[in-house]
1. List the number of the failed condition for residue 129; all other conditions in (1) out of contact with any helix residue (DSSP H, G or I) (no Cβ under 6 Å at 6 or more places or on another chain); (2) outside any helix (DSSP H, G or I) hold.
2. From 11, 21, 42, grab the single residue that is under 25 Å from the mean Cα position of the chain (by Cα) and either surrounded by 15 or more Cβ atoms within 10 Å (Cβ to Cβ) or in a helix (DSSP H, G or I) (or both).
3. So which strands (runs of 3 or more DSSP E) are wholly in the range 279-377 and hold at least 3 residues that are closer than 30 Å to residue 408 by Cα?
4. If you check 319, 326, which single one turns out to be modelled with pLDDT under 95, touching a strand residue (DSSP E or B) at 6+ places or on another chain (Cβ under 9 Å) and within 29 Å of residue 367 (Cβ to Cβ)?
5. Counting only residues that are out of contact with any strand residue (DSSP E or B) (no Cβ under 7 Å at 6 or more places or on another chain) and at pLDDT 95 or above, which one in the range 220-240 is nearest to residue 364 (Cα to Cα)?
6. Tell me whether the range 96-108 contains one or more residues that are crowded, with 16+ Cβ neighbours inside 10 Å, under 26 Å from residue 162 (Cβ atoms) and touching a strand residue (DSSP E or B) at 6+ places or on another chain (Cβ under 8 Å).
7. For residues that are surrounded by fewer than 19 Cβ atoms within 10 Å (Cβ to Cβ) and either touching a helix residue (DSSP H, G or I) at 6+ places or on another chain (Cβ under 9 Å) or under 30 Å from residue 120 (Cβ atoms) (or both), tally how many sit in the range 229-242.
């Protein structure tokens with residue numbers, strides 16, 4: 001059976017490569033129609049998708065997954081509606097393919113146009129979140145790319161259901177066979193095999209934990225766009241609006257702690273620590289957030305009567321470089337903005353970091369000096385998301401510097417070629 005499945009995967013990749021030129025030349029109007037009917041199909045099949053999702057949730061509970069990971073896995077009517085809205089938003093966005101990025105005429109009279117084109121066959125390897133199936137499928141349809149989806153076994157039934165519903169729409173539109181693909185093999189060897197098919201697959205985008213991404217980067221023969229961790233910080237400056245800081249920090253940690261853009265470390269200027277930390281820590285404790293605090297943080301917690309051995313521990317160096325993906329937060333009091341920036345650049349993962357302050361000069365210094373894909377002034381790191389940025393959806397969030405950085409959406413799923421017009425020019 002394994003040998004048979006290996007042959008199927010190899011054939012799928014070859015057929016995907018052959019389908020690319022057909023997919024790339026589908027009209028923008030037809031691609032947009034497909035996205036519209038994707039949304040209709042998800043709404044029509046909502047009960048089926050939720051039923052299949054429940055299978056994954058039940059198994060996750062039997063395997064004692066954390067509550068945060070089960071949240072990542074869970075679909076709800078509201079989350080399905082958000083998936084439908086993502087398709088509709090993508091439909092409204094400009095076509096990313098065929099844009100003239102630059103044009104000029106050479107002294108010899110050649111007219112040169114730099115034009116955006118799809119990348120090719122894109123392999124997405126992802127864990128936990130079934131909405132990634134819809135996001136990546138929609139983005140690849142809109143951008144004229146062929147997609148191969150390989151979701152995690154923990155979300156197998158959910159991913160399969162979403163793909164089957166959308167794939168029926170593609171069949172109804174006579175979309176090229178192998179223009180969109182789902183790997184139904186659950187065993188891990190399938191990923192290892194796919195990563196060797198560099199003749200047929202042009203790009204790999206992994207979405208998942210650090211272990212998965214490091215493994216893919218290590219063994220892939222195909223270019224990989226990645227982020228290893230989401231160690232996101234919020235620095236509460238001495239000139240912060242404390243009510244705003246409390247609201248933003250709570251959102252960044254608690255709203256969905258298992259996401260890569262959740263806050264993992266909170267830095268607080270020492271001049272406001274005594275006033276701000278008791279307020280903020282009480283809010284976190286009410287949401288069952290465990291604190292890994294510096295000595296001054298723990299001292300303030302003890303002096304204000306909110307310390308408990310169950311919820312507080314002294315932070316270690318490892319805590320500041322840990323992506324918890326859970327209701328655990330590292331907290332440190334810093335002497336000034338300079339120390340905050342140095343801490344973030346040392347321990348952060350170049351993902352998303354924020355400053356809360358009313359001081360515009362401090363904000364600009366922070367935004368300039370913090371070396372991350374997304375830097376914020378007075379806003380939650382949870383906003384690092386293609387949909388929130390108005391991109392319709394995202395393939396993932398890249399902390400690489402090439403070829404994309406930050407939320408990867410339509411524009412990042414294109415490359416370019418030069419089209420050159422002459423009238424008989426030759427090189428002398």
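The values are calculated or read from the model by the stated rules, or taken from the named source; none is laboratory data. Here the structure is a predicted model, which is why all the values come from computation and not from measurement. Please note: Cβ atoms are built from the backbone with ideal geometry, for glycine as well, and neighbour counts cover all protein chains shown.
1. Among (1) out of contact with any helix residue (DSSP H, G or I) (no Cβ under 6 Å at 6 or more places or on another chain); (2) outside any helix (DSSP H, G or I), the lone unmet condition for residue 129 is (1).
2. Numbers: 11 fails: under 25 Å from the mean Cα position of the chain (by Cα); 21 fails: under 25 Å from the mean Cα position of the chain (by Cα).
On inspection, the qualifying residue turns out to be 42.
3. 328-334, 352-356, 374-377
4. Details: 319 fails: modelled with pLDDT under 95.
Just one listed residue meets the conditions, 326.
5. Top of the filtered list is 239.
6. First, the residues of the range 96-108 that are crowded, with 16+ Cβ neighbours inside 10 Å: 96-97.
Now drop any that are not under 26 Å from residue 162 (Cβ atoms), which leaves 96-97.
Then keep just the ones that are touching a strand residue (DSSP E or B) at 6+ places or on another chain (Cβ under 8 Å); that gives 96-97.
Checked against the condition, which is being crowded, with 16+ Cβ neighbours inside 10 Å, under 26 Å from residue 162 (Cβ atoms) and touching a strand residue (DSSP E or B) at 6+ places or on another chain (Cβ under 8 Å), the range 96-108 yields at least one hit.
7. Residues meeting the conditions: 3.
Results for (1) farther than 26 Å from residue 92 by Cα; (2) out of contact with any helix residue (DSSP H, G or I) (no Cβ under 8 Å at 6 or more places or on another chain); (3) at pLDDT 95 or above, shown as yes or no for each residue.
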{"residue": "332", "(1), (2), (3)": "yes, no, yes"}
{"residue": "339", "(1), (2), (3)": "yes, yes, yes"}
{"residue": "393", "(1), (2), (3)": "no, no, no"}
{"residue": "408", "(1), (2), (3)": "no, yes, no"}
